[in-house]
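The values are calculated or read from the model by the stated rules, or taken from the named source; none is laboratory data. Note that the structure is predicted; figures quoted are calculated from it, not measured. Cβ sites come from the backbone with ideal geometry, for glycine too, and all protein chains shown count toward neighbours. Just the protein is used for accessible areas: all its heavy atoms, side chains included, with ligands, DNA and RNA removed. Shrake-Rupley method; radii C 1.70, N 1.55, O 1.52, S 1.80 Å.
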Amino acid sequence: MYIGKLNTRASGLKGSYTFQCRGTSKPLLPNKNADAVIKNQIEFESEVFSGENPSTIGWTWASLMDIGLDIIINLTKVCYVGSIVIGLEKGSAVQGVQVYDDANKKIIGRYDAETNGYIEDELVIPVGYYTDRLLVRLNACLKDIVISKFDIIGGIPEQPIVYPSPASAEYSEGKLSLESIESIVICDESDDLIFASMYLKERLAERFDVDIPVSKMNGKAITLEISEDIKSEGYKIDIDDEGVKLKASKKLGLLYAIETLVQLCNGKVLIHCKIEDYPYKPIRGFHFGLPPREELEFTKRLIRYVLIPMRYNILIIEFAGGMRFDKHPMIGEAWVEGNRAAKAGKQPAFPHGSMVSGGELLEKDEVRDLIDYARSFGLEIIPEIQSFGHVQYITYAYPEIAEVAETAEDKRLDTRSADQPPSAFYDHSYCPSNEKSYEIIYDIIDEIIEVVKPERFVHMGHDEIYQVGICPVCKHIDPAELYAKHVNRMYEYLKKKNLKMMIWADMLQPVTNYKTPPAISRIPNDIVLLDFIWYFHFDLDLEDNLLSYGFPVVMGNMYSSHYPRYESRIAKEGILGGQVSTWCRFDEYTLAKKGKIFDVIYSAEMLWNERYNSAAREVYTEIIQSRIPQIRDELRGIAKPEGTSIESVCIPLPKTPDPSLPEPLQAIVQIGDKNIGRYSFDLRSAQRIKNTPIEAEVQSKYKKIIFLHTTTNNAPRFAWEPLIKIGEYIITYTDNTEVIIPIEYAGNICVWTRRYAQPLLHQYYRHQGYIATYLSDPLIQTKTEDGRDITVLGYEWVNPYPELEIKSITCRSNGDTDADIILFGISGVR
């Protein structure tokens, strides 16, 4: 699938533009900077809006007055138009822009000026619509309109869609049936090829219900080979009538190739193709804390069904006090004691407590088993050992080494632009002048290295050291000197073990209140720096400071919802890649409510594909949303092979038309009985639940229930806080057992005016930039008459008691917000 600028030669489209007076068919040729325009219909192949140096064209104010013009775009085939980017030359402006589907004159996107204002510079108009003809209306305001940039960003939905996008792919007309494949053949008996062959066999059985043996048989086969002539972590796929050849540089690359093969298979049919693929950046990391014991199997499923298909290659795992240390059992005891006391409300939350092991303690064998599982795929494991700062897990057990001032108090910061420091109840740092601090951290390093056996790196933390140079011993020493001393001692200790070091970079950046930035010239510049404070300064390329000292840099906490100027910054020499962080308890619900699963899938395209285009966000989102249901079932361990029949039954609501629905939603109600995706609904009985609950009779057994719902308004989304519960569904079984399902805004429901996966752009939401992207799917996506988005989500609930007959389903609102629930329908899945 081609993704990018559609109105260019590279897309292969033979499209054209036509310029007309607004609302008429009267031609309106450009009359300002218009040397390149000699006729009214301009082909995409011309230099107008295309090519490396597109021509700038425009219209004088006198030719437009306060009316404007229409640009008609003929794409020549149906495309998914994600957005339109328009750049205006300095001094020119528009009053507003509307985008129409030209076939039915329906508005599908708009960009409006503020009251009594103008739009200048560059504007991005989200569209998200399939069409082959566009009309872009520029409303004039007695100013020239001079266009320096006009990009139609979208995707051409042809051939199989592979995500992340491959470096190159050539497709032909031939097809190969998966059921005609007789065997999986490996070129030698190496452990890596044996693993890859079994992985392929399992994936084909899981997804397509085919059992292909691994053998040396002749005939049509899938052949696996590891070859040094393939780019690092890259792969090649060749599919023709003779069979399938998968070739990669190493085991991990072969697994990437297998996951691409799975995507290429549609209805057990493979299209003939040649694909060559390789990563844009060498570090594509996923950062999380040790999972709770009860989530270890979920973590393994996330590795297998998300991280491998999404082409990640590194896991950075924070340990804190979440694993038992043999030399320092007091750390584990204090960790559990402190976390349990915090959960009971007896003391403030333990820093990183819920994030690491759920606040409990894993045994070394449990951690070793998880590490071995991840490494079996070829992933690199980097342990994060918090040192110097964020060491409450140590100082809570050994308060005598804490870096403590004579007085300490909590400070509340404006969390819109700063991260809140942990409570002063805990000692955040240990004293870098106390030798016992080093004895303990060295012991911790030794035990973690013994369990993890890292290949190259250990991440030693060193971020947000709020308490440095404040104890009686250190208060007269330069904080930069203290910081450099500690970094260098950690560096030398790891060097003796033939390991390199990573640290967070915030303490070295001159835009903070820390007194440690001068240390940047006092530490080895082969330390990999993870730069995360980009999200406090959207206007600055802070990595330039680090690069100027020769450090290799990784985009730390690289949240796809917020990272500005990504394409130019990731391309800089010295930027090795990025890592996505979770900073939360590791379980499906928590990752879902914080938007982390969507984030890690979206970020995969950014790190893998050199042609990633941030203006194509809507196109990538369209692909991702189609994959989420399958991924969700795989993460829950309930996925069925492609083609498995399901029965979807409409569960009728009380049939009383609700006149209080917002007017734009009334058109949906008029659709009546409707199959949406795989589910059946009767939209005519849509209800707004405000004060009176509604009850639907069921009298049947179901494996899943799909609630098609939205809200009238938005409810607050407080970062780092639980989601706001706006109501509940009550499932009552015939034996009078009840299950209560919370309806939580930003988790499984959202306001109807919000486009699916539209980022929460304010800096405040930097760690949690997506809402309602995983637990629910956008089953209805359409537009209002004036071109604004309508989204209705289908929340998929898995019945924990599928063997019991459901008597009824009740929906009620709690009335605490004006985000009233609108329930369009319920569908049951057998």
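Rounded to the nearest 10 degrees, the angle from helix 364-376 to the longest Cα principal axis of the chain is 40 degrees.
Electrostatic bookkeeping for A715 treats Lys and Arg as +1 and Asp and Glu as -1; over the other residues with beta carbon under 11 Å from its beta carbon, the sum is -2.
Size descriptors for the chain, from the alpha-carbon set: Rg then Dmax equal 28.7, 84 Å.
Scoring 191-203, 787-799 by mean Cβ neighbours within 10 Å over their residues and listing the highest first yields 787-799, 191-203. Our Cα-only numbers for region 1-114 put the radius of gyration and Dmax at 14.2, 43 Å. Panel note: the C-alpha atoms of region 61-142, placed on their principal axes, show extents of 35, 22, 21 Å (largest first).
Each peptide in 324-336, 210-222, 349-361 receives the mean, over its residues, of other Cβ atoms within 10 Å, and ordering these scores from highest gives 349-361, 324-336, 210-222.
Apolar share of the accessible surface for the chain: 49 percent from carbon plus sulfur atoms, 1.4 Å probe.
Counting every pair of alpha carbons in region 706-790, the share spaced more than 23 Å apart comes to 30 percent. Here the 3J(HN,Hα) profile of region 147-160, calculated from phi with Karplus coefficients 6.51, -1.76 and 1.60 at θ = phi - 60°, is 9, 9, 8, 8, 10, 9, 9, x, x, 9, x, 10, 6, x Hz, Gly and Pro shown as x.
A simple rule links phi to the HN-Hα coupling: the Karplus curve 6.51 cos²θ - 1.76 cosθ + 1.60 with θ = phi - 60°, which for region 61-68 gives 4, 5, 7, 10, 6, 9, 9, x Hz, with x for Gly and Pro. Against the chain, whose longest principal axis comes from its Cα atoms, helix 329-343 is set at around 50 degrees.
Three principal axis extents describe the C-alpha atoms of region 86-184; from largest down they are 70, 31, 21 Å. What the phi angles of region 288-298 give under the Karplus curve with 6.51, -1.76 and 1.60, with θ = phi - 60°, is a coupling list of 7, x, 3, x, x, 3, 6, 10, 5, 5, 4 Hz, glycine and proline written as x.
Taking the Cβ of S808 as the center, what net charge do the other residues with Cβ under 12 Å away carry, scoring Lys and Arg +1 and Asp and Glu -1? Combined, the nearby Lys, Arg, Asp and Glu give -3. With a cut-off of 13 Å between beta carbons, the residues surrounding D820 carry a summed charge of 0, where Lys and Arg count +1 and Asp and Glu -1. Solvent-accessible surface of the chain, averaged per residue with a 1.4 angstrom probe and all protein chains in place: 39 square angstrom. Packing-based ranking of 526-535, 242-251, 566-575 yields 526-535, 242-251, 566-575, ordered from highest to lowest mean Cβ neighbour count within 10 Å.
Beyond 21 Å, what percent of the Cα pairs of region 544-695 remain? Cα-Cα pairs in region 544-695 separated by more than 21 Å: 65 percent. Placing +1 on the Cβ of every Lys and Arg and -1 on the Cβ of every Asp and Glu, with no other charges, gives region 215-353 a dipole of roughly 280 debye about its Cα centre.
For the pair T644 and D191 in one chain, pulling the backbone fully straight at 0.36 nm per residue adds 159.7 nm over the alpha carbon distance. Which part of region 73-90 falls in the paramagnetic zone of D121, meaning amide N under 14 Å from the point 7 Å along Cα-to-beta-carbon? Zone members listed by number: 86-90.
Each of I445, P722, P510 was scored by the projection of its Cα onto the charge dipole of the chain, and the greatest displacement toward the positive side belongs to P722; charges sit on the C-beta of Lys, Arg, Asp and Glu. The fraction of Cα-Cα pairs per 10 angstrom bin, counted from 0 for region 178-293, comes to 14, 45, 30, 10, 2 percent, rounded to whole percents.
Compared with the dominant principal axis of the Cα atoms in the chain, helix 596-608 is inclined by about 80°. Each distinct pair of alpha carbons in region 467-506 adds a 1/r term; the inverse of their mean, the Kirkwood radius, is 11.4 Å.
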